[in-house]
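A.B. asks: One structure, as C-alpha cells, below. Some questions next.
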Amino acid sequence: MRDHAPRALGALSCLLLTLVLATSCAADDPLSSDSAMSDHLHDDNTEHHAVDELAADEPAVSDGMGHDADDPMTSHMHTTLDYDGPTVPEVSLAVSADPAGGINLSVRAPGFEVAPRSASTDPVAGQGHYHLYLDGEKVLRFYNDDIYFGGVVAGEVNVRVELSANDHSTYTHNGEPLAAEMLFVVPEHDHVDHAHGEMGSVAFAGPAPTLGIEVVPDPKSGFNAFITVDGMVLSAEHASGEPVDGEGHLHLYVDGVKLGRLYGTATHIPALPDGEVDVSIAAYSNDHRPYEVDGVAVVASTRVVVSP
C-alpha cells in the first residue's frame, strides 16, 4: 500500500491554497487567480481535483473535488443507515486511467436515487449520493454516476465507492455497507506527452449550446453547484479521446482558477474564499479544446457572496 496521506489530506488544503493563494496542486498546471476567465480557456487540461464534485468537485472539485471538512476522513467512522427500499441496489464500479492523467470512475446502482439538492438534509429512503474512498480514506462526495478524479499518483490504489444517505450516513444491508471497490494501478503519466494548451479552440457544430449554473450553500459544509446544459452532450466515455461534434465535458472555475472537469450537472465545492466569488463553467470538446460560437467561448457564470 502506498503512502496516501499527501493525497488525502492535501486535496482540501490544495483547494484552499488554489483559491486563496493562487497556488497549484501540480507543478505543470500553473494557474493564477488574478487572471480572467478567458485567460484559462486555453490552459492545459491538468485537473486540480475531481469535481463532481470539485472536486474542486475536484483534482479539487468534486464531482469529486476535495474532502468534506466536517465529514470524517477515515473509513467507516460515520453513522450507518439500513437501506429501506423495495429493491436493494447492487453497486458496480469501473475505473480507468484517463489519457490526460488521473482516473475516470463509473458507478452504477440501479434503483438508487442520486439527489444532489437533498444532500446534507434528512434521510429519505432510497435517496442520497456517493462517497469516494482511496486507500480507506474518504476524499469526496459526488453526485454524478461518472466522474473524473485527478488527485492520484502512479501506483496501486484501492478505490471504493459507498452509497450515502442524504445525511451522509453510509447505507447498509444485512450489516454490510452498500459499496463497490477494486484495486487499480494508476500508470505513470508524463504531461510532456500532451500538447496541453497548444491546440486552440474549436467551433461548436450546430446551434449554440446554452449553459447555466446555480451555486448554493450546502447545509453541512461547502457549496453545491447545479448546472443546466442544453444542446450539448456530456460524455465521460469519450473524454480525452477524439472530438465528436456537439459532445464533450465541462470545466469548472472559481475566480478564473480551474478546479476540475465535470461529466454531470451537479457538484459539491468543499470551500470558497470569503467575499464575492465568480463560479464559472465552460464547455470543452472531448480532446479538451474550449468550444466557441462565433469566436466567443461557451461559458456560464454566477456570483456568490461568501460570508466570513
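Laboratory data are not the source of any read-out in this text; all were calculated from the coordinates shown. Small disclaimer: the values here were computed from a predicted structure and weren't measured. Cβ placement follows ideal geometry from the backbone for every residue including glycine, while neighbour counts extend to all protein chains displayed.
A.B. asks: Please pull out the direction-averaged projected area of the stretch 202-306, using the convex hull of its alpha-carbon atoms, in nm² to one decimal place.
C.D. replies: For the Cα atoms of the stretch 202-306, the hull's average projected area reads 6.4 nm².
A.B. asks: Loop-only check: which GluC sites (Glu not before Pro) in the stretch 221-308 are DSSP coil with at most 15 other Cβ within 10 angstrom?
C.D. replies: Answer in residue order: Glu237.
A.B. asks: Rank the residues His288, His189 as a footprinting-exposure proxy: fewest other Cβ atoms within 10 Å of their Cβ go first.
C.D. replies: Exposure proxy ranking, most exposed first: His189, His288.
A.B. asks: Follow-up. Please say if the stretch 126-218 is rounded, prolate or oblate, where rounded means a/c under 1.5 for a ≥ b ≥ c the square roots of the C-alpha gyration tensor eigenvalues, and otherwise the choice is prolate for a/b larger than b/c and oblate otherwise?
C.D. replies: In terms of gyration-tensor shape, oblate.
A.B. asks: With r as the distance between the Cβ atoms of Leu183 and Thr79 and R0 = 25 Å, compute the FRET efficiency 1/(1 + (r/R0)^6) and round to 0.05.
C.D. replies: 0.35
A.B. asks: Then there's this: Please list, in order along the stretch 276-283, the HN-Hα scalar couplings obtained from phi with the Karplus expression 6.51 cos²θ - 1.76 cosθ + 1.60 (θ = phi - 60°), rounded to whole Hz, x for Gly and Pro.
C.D. replies: Per residue, the Karplus-derived 3J(HN,Hα) values read 7, 10, 9, 10, 10, 10, 9, 8 Hz.
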